[in-house]
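All remarks here apply to the structure that follows.
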Amino acid sequence: MTDQANELQAINTAWQIAIQEILRMVVRDIYKSGDETTFHAHIKRIEEAAVDSIYTGLMLRGTDEWTEILVKEKASNFVTTLLTSFTFDKV
């Protein structure tokens, strides 16, 4: 990879990590009251709603069908991976 491509990849990775950590803190703070079962139910509801929104509401203009399906699949996988990485932490 060229230096420019490496920098772009580093920026994308940093952005993803930053967003993940922000979301982790927001979700934890919003749902820290209650028990672990309630917390996991909230996370599951958020995951299902986000994945549904990706598949039904996301319209990618200027792409072919294969690209749109691939992007939606990757986005849905990212949502699931991100949300299932959250742990209940009663502080």
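The values are calculated or read from the model by the stated rules, or taken from the named source; none is laboratory data. Computed from a prediction, not measured in an experiment: that's the story for all the values here. Here the Cβ is made from the backbone with ideal geometry for all residues, glycine too, and neighbour counts use every protein chain on show.
Please determine whether any residue of the stretch 31-52 is touching a helix residue (DSSP H, G or I) at 6+ places or on another chain (Cβ under 7 Å), surrounded by 11 or more Cβ atoms within 10 Å (Cβ to Cβ), of a type outside the set (A, V, I, L, M, F, W, C) and outside any helix (DSSP H, G or I).
Filtering the stretch 31-52 down to residues touching a helix residue (DSSP H, G or I) at 6+ places or on another chain (Cβ under 7 Å) leaves 31, 43, 46-47, 50-51.
Okay, now just the ones that are also surrounded by 11 or more Cβ atoms within 10 Å (Cβ to Cβ), so 31, 43, 46-47, 50-51.
Still in the list and also of a type outside the set (A, V, I, L, M, F, W, C): 31, 47.
With outside any helix (DSSP H, G or I) added as a condition, the list becomes 31.
Checked against the condition, which is being touching a helix residue (DSSP H, G or I) at 6+ places or on another chain (Cβ under 7 Å), surrounded by 11 or more Cβ atoms within 10 Å (Cβ to Cβ), of a type outside the set (A, V, I, L, M, F, W, C) and outside any helix (DSSP H, G or I), the stretch 31-52 yields at least one hit.
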Looking across the stretch 53-67 at residues that are of a type in the set (S, T, Y) and part of a helix (DSSP H, G or I), the single one that is modelled with the lowest pLDDT is T67
Selection from the stretch 55-85 of residues surrounded by 13 or more Cβ atoms within 10 Å (Cβ to Cβ) and under 11 Å from the mean Cα position of the chain (by Cα) yields A75, S76, F78, V79, T80, L82, L83
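Any residue at all in the stretch 68-81 that is touching a Leu at 6+ places or on another chain (Cβ under 9 Å) and either within 20 Å of I30 (Cβ to Cβ) or not in a helix (DSSP H, G or I) (or both)? Even if it seems obvious, please write down each step before you answer.
Restricting attention to the stretch 68-81, the residues satisfying the condition of being touching a Leu at 6+ places or on another chain (Cβ under 9 Å) are 68, 71-72, 75.
Checking the rest, the ones that are also either within 20 Å of I30 (Cβ to Cβ) or not in a helix (DSSP H, G or I) (or both) come to none.
Taking every residue of the stretch 68-81 in turn, none turns out to be touching a Leu at 6+ places or on another chain (Cβ under 9 Å) and either within 20 Å of I30 (Cβ to Cβ) or not in a helix (DSSP H, G or I) (or both).
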Only unsatisfied item for M1, checking (1) part of a loop (DSSP other than H, G, I, E, B); (2) at pLDDT 80 or above; (3) over 17 Å from the mean Cα position of the chain (by Cα), is (2)
